[in-house]
Amino acid sequence: MRYLLDNASEVWGYTREHLYLALIPLLVGLVIAVPVGTLVRRVPWLRRVTVTLSGLVYTVPSLALFVIIPPIVGIATIDPLNVIIALTLYSTALLVIAVPAALDSVPAAVLDSADAVGFGPLRRTLTVDLPLALPVFVSTLRVVVVTNIAMVSVGALVGVGGLGKLFTQGYQRDYPDEIIAGIVVTLVLALIFDRLVYLLGRAATPWVAKGASS
């Protein structure tokens, strides 16, 4: 606590950078994964290929990606875009699998009812499938948020990493207080955003809370 109080402005700067590097990939991953996941669900072989490719992407160590991406994209290793691209790949890999799984949780009777009253494929997807799939999808979204917040710190090894800089600086200076401060703030951020996503999910699916209370 003493370190955090004495270096509040520096830690706040690292925190803002950390959130930027963690949340931008999440948003980009959502934009990519929701439509792609919805489409591949209707094509079994394409869904299997997507699951395989996503699994391969997620097994690549983050530090390796931070080294591989710059020469491919044409950016410097210490460019924040390096971390953003890497975490976008990880976020998309998890979310594109989660979307079809969440859609599978929608009761078939509900889908049949929507078809029976004349809902077209697009209208049913937007107004029935996706809303009812939210409770299952949000559970994966919480994992991705927390994972991104944790993985941003690895970027400090290549010069970008928000709160991860407290780890590298603390290690170089042999100053455990700085390392502990980084751990504490990272944990607090993860807990806050995990809870925030949970609450947003509950707000977007009020019928779940009503069903649980009844």
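The values are calculated or read from the model by the stated rules, or taken from the named source; none is laboratory data. Everything numeric here is computed off the predicted structure, so don't read it as measured data. Glycine also receives a Cβ, built like all others from the backbone with ideal geometry; neighbour counts cover every protein chain displayed. Side chains are part of the model used for accessible areas, which takes the heavy atoms of the whole protein and leaves out ligands, DNA and RNA. Shrake-Rupley method; radii C 1.70, N 1.55, O 1.52, S 1.80 Å.
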Rank Tyr58, Tyr14, Tyr90 by accessible area, highest first, at a 1.4 Å probe radius?
Tyr58, Tyr14, Tyr90
Per DSSP helix of 4 or more residues, -39500 (n - 2.57); summed, then divided by the residues of the chain. What does that give at 222 nm, rounded to the nearest 500?
-26500 deg cm²/dmol
Most to least accessible of Leu200, Leu95 (protein chains only, probe 1.4 Å)
Leu200, Leu95
Answer rounded, prolate or oblate for the range 117-160, using the Cα gyration tensor with square roots of eigenvalues a ≥ b ≥ c: rounded when a/c is under 1.5, else prolate when a/b is larger than b/c, else oblate.
prolate
Which of Gly182, Gly201, Gly120 ends up with the largest GNM mean-square fluctuation for the chain, with Cα atoms connected below 10 Å?
Gly120
Reduced Cα scattering model of the range 118-214, Debye log10 I(q)/I(0), q = 0.10, 0.13, 0.15, 0.24 Å⁻¹
-0.45, -0.62, -0.71, -1.14
Measure of exposure for Ile69: accessible area at 1.4 Å probe, Å² rounded to 10, is 10 Å²
Check: the chain dipole with +1 on Lys, Arg Cβ and -1 on Asp, Glu Cβ, in debye:
600 debye
Rounded to a whole number, what % of the accessible area of the chain do carbon and sulfur atoms account for, probe 1.4 Å?
72 percent
Go from 0 up to the bin containing the longest alpha carbon distance in the chain, width 10 Å each, and give me the % of pairs per bin.
8, 29, 29, 20, 10, 3, 0
Ranked by GNM mean-square fluctuation in the chain (Cα springs under 10 Å), the top entry among Ser113, Ser139, Ser153 is Ser113
Tell me the per residue accessible area of the chain using a 1.4 Å probe; a whole number in Å² is fine.
53 Å²
